[in-house]
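**Student:** Right, I'll just put the structure down here and ask away after.
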Amino acid sequence: MGTTASQLGKDLLSEYQELTFLTKQEILLAHKRFAELLTKDEKDLPNTRLSMERVLTLPELKSNPFRERICHVFSTSEYKDGSLTFEDFLDLLSAFSDSATMEIKSHYAFRIFDFDDDGTLDGGDLEKLVNRLTGETDDTRLTNDEMRQLISNILEESDIDKDGTVNLSEFQHVISRSPDFVSSFKIVL
C-alpha cells in the first residue's frame, strides 16, 4: 500500500506537521510504516491501536534495550499496555528525530529511564538503566559491588540537591554536558 498525502488527508497532514518536528515526507513514511503493521481489517478503523508486540517488530526498535519503556512512555492507552495509535507513533518519532530540541529529548529520556514512573531516578532506576545498557547476561552484568560503586558515582555527579535521587532538572543539567546525547537519542525510519 503506497501512502499518499490524499490518503492521509491534507488537513490531517497539516495538523500533524504543526504538532511534530517531522517533515511532511517523514510523516508520510511514518504513516506507511504504521499501516504496514496493521491487519487488513484494522486499516479501515479510525484510531487503531497497534499492540506493543507489533510495534516492537520494527527493526528500529527491535534491538533498542529500552524498547518496552519507549512504548509505555509514548502510549496514551488507558490500559497502560504500551499500545500506540498513529498519533502516539508520531510523537515517538518526533521526540527521537534530529529536529527535536535537547529539552524535548532529555524530557523523554528521563521518562524512559524512570522505570517506576515516580518522577525521579533512584538507585533502582539507575540499576535497571545500567543493566539495560550493559546487557543482562551473567557475562556482562556488574557485580553487586561494581553496581553500588557505579550508582554512587552517578549520584555523586548528578544529584545536586543530595536527596539520593536525580530529578528532571538535575538530569537535564548532566545531559547538557554530554554533546553526543542529542545525536545518539534518535530513531530514523
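The values are calculated or read from the model by the stated rules, or taken from the named source; none is laboratory data. Since we're looking at a predicted model, the values are computed, not measured. Cβ placement follows ideal geometry from the backbone for every residue including glycine, while neighbour counts extend to all protein chains displayed. Keep in mind that these areas ignore ligands, DNA and RNA; they rest on the heavy atoms of the full protein, side chains included. Shrake-Rupley method; radii C 1.70, N 1.55, O 1.52, S 1.80 Å.
**Student:** Before anything else, pin down the relative contact order of the range 75-189: Cα pairs under 8 Å, at least 6 apart, normalised by residue count, whole percent.
**Tutor:** Relative CO of the range 75-189 lands at 30 percent.
**Student:** Right, next: Could you provide, to the nearest whole Å², the per residue accessible area of the range 1-94 with probe 1.4 Å?
**Tutor:** 56
**Student:** Now for a different question. Could you give the angle, 0 to 90 degrees to the nearest 10, between helix 102-113's Cα long axis and the longest principal axis of the Cα atoms of the chain?
**Tutor:** 70
**Student:** What is the extension gain from residue 131 to residue 51, computed as 0.36 nm multiplied by their sequence separation minus the C-alpha to C-alpha distance, in nm to one decimal?
**Tutor:** Gain in length upon complete extension: 26.3 nm.
**Student:** Where in the chain is the longest stretch that carries no trypsin sites (Lys or Arg not before Pro) classed as loop by DSSP and with at most 15 other Cβ atoms within 10 Å? Let's see the in-between values first.
**Tutor:** Values: sites that count: 40, 80, 141, 162, 177, 186.
The longest such stretch corresponds to 81-140.
**Student:** What do you get for the angle between helix 144-158 and the principal long axis of the chain? Use alpha-carbon atoms, 0 to 90 degrees, nearest ten.
**Tutor:** It works out to around 80 degrees.
**Student:** In the range 61-96, what GluC sites (Glu not before Pro) fall in a loop by DSSP, with at most 15 other Cβ atoms inside 10 Å?
**Tutor:** In loop regions of the range 61-96 (DSSP not H, G, I, E or B), the sparsely surrounded GluC sites (Glu not before Pro) are 78.
**Student:** Mind giving me the nanometre distance, one decimal, between the label points for residue 160 and residue 18, set 7 Å out from Cα along Cα→Cβ?
**Tutor:** 3.5
**Student:** How many Å² of accessible area per residue for the range 136-186, probe 1.4 Å?
**Tutor:** Value returned for the range 136-186: 69 Å² of accessible area per residue.
**Student:** Rounding to the nearest 10 and keeping the result within 0 to 90°, find how far the Cα-based axis of helix 24-36 lies from the longest principal axis of the chain.
**Tutor:** 90
**Student:** Ok, one more. Separation of the range 117-189 and the range 48-114 by C-alpha centroid, Å?
**Tutor:** 19
**Student:** Separate question: For the range 1-139, count the residues as N, evaluate 2.2 N^0.38 Å, and divide the Cα radius of gyration by that value, please.
**Tutor:** Compared with the compact-globule rule of thumb, the range 1-139 sits at 1.13.
**Student:** What's the carbon and sulfur percent of the range 64-189's accessible surface, probe 1.4 angstrom, rounded to a whole number?
**Tutor:** Using a 1.4 Å probe with all protein chains present, the range 64-189 comes out at 50 percent carbon and sulfur.
**Student:** Give, in nm to one decimal, the length gained when the segment between residue 187 and residue 77 is fully stretched (0.36 nm per residue of separation minus the Cα-Cα distance).
**Tutor:** 37.4 nm
**Student:** A further question follows. In nm, give the distance between the simple-model label positions of residue 103 and residue 33, each being 7 Å from the Cα along the Cα-to-Cβ direction.
**Tutor:** Those two pseudo-labels are separated by 2.6 nm.
**Student:** So, one more: Can you list the GluC sites (Glu not before Pro) in the range 115-178 that are in a DSSP coil and have 13 or fewer other beta carbons within 10 angstrom?
**Tutor:** Taking the range 115-178 and a limit of 13 other Cβ atoms within 10 Å, the loop GluC sites (Glu not before Pro) found are 136.
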